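Participant: Supplied in structure tokens, the structure appears directly below.
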Amino acid sequence: MNANELQPSPASRVSPALHSKQTLLVQDHSGQTVRAGYDLARQALQADPRPTAMVCIRERLALGALLAVQDLGLEVPTDLSLISLDDGERLTSDLVPELATVQRPDRAMAEQSVALLLHEINTSGDQDVRQLSFACPASLGASVAELGVGSSNP
């Protein structure tokens, strides 16, 4: 497991008021299981200061994080806002509280990747770099606290 502390970049779209107080902890873990989510979340939630929010890249990780929150006697969203990238497993939609999710357009990204690769193979010469954007609809659920509301991180 690697953990890196990142400071928000000046070009980010986060409110400037948050830049002075927030540190983003990125944890990269090869396991994408409920257990891995539990272990990583529990470790992060026992740190000082405790995080106020987590974004999980898989629903299984979010489920594990929710279990760790509950095991530590904490509450979502009062003590921790929790967001999951929706990977189609439908694990988080029936949880209490219902987790906020962001849908990943995996199929559309894969189709565009293949189309770009085939275009590159079938054309000669230098091609301009193309940047693609994809819509990622969000479902707010009930797992995100309002800014400025929630745990004071005792």
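Participant: Taking neighbour counts of Cβ atoms within 10 Å as a proxy for exposure, in what order, fewest first, do S143, S113, S133, S81 appear?
Facilitator: Working: S143 25, S113 11, S133 5, S81 22.
By the 10 Å Cβ count, ascending, the order reads S133, S113, S81, S143.
Participant: Please name which of T52, L80, A41 has its Cα lying farthest along the dipole of region 36-80 towards the positive end, using unit charges on Cβ (Lys, Arg +1; Asp, Glu -1) and the Cα centre as origin.
Facilitator: Projecting each Cα onto the dipole axis, the largest value belongs to A41.
Participant: I would also like to ask the following. First select every other residue whose beta carbon is under 13 angstrom from the beta carbon of V102; then total the charges, Lys and Arg +1, Asp and Glu -1.
Facilitator: Working: positive: R58, R104; negative: E59, D86, D87, D106.
Within the 13 Å Cβ shell, the charges total -2.
Participant: Here's another thing I want to ask about it. For L40, L140, what's the fewest-to-most ordering of other Cβ within 10 Å of each Cβ? Working shown, then result.
Facilitator: Values: L40 22, L140 11.
Neighbour counts put them in this order, fewest first: L140, L40.
Participant: Once amide H atoms are placed 1.01 Å from N in the peptide plane, what residues at a sequence separation of 5 or more from L99, or on another chain, have their amide H within under 5 Å of its amide H?
Facilitator: Sorted by chain and number, the residues that satisfy this are A142.
Participant: What is the order of I121, I57, I83, fewest Cβ neighbours within 10 Å to most? Kindly include the intermediate steps, with their values, before the conclusion.
Facilitator: Numbers: I121 7, I57 15, I83 21.
Ordered from fewest to most neighbouring Cβ atoms within 10 Å, I121, I57, I83 come out as I121, I57, I83.
We did not get these values from a lab; they are worked out from the coordinates using the rules stated. No experiment lies behind these values; they were computed from the predicted model shown. Virtual Cβ from ideal backbone geometry, glycine too; neighbours counted across all protein chains shown.
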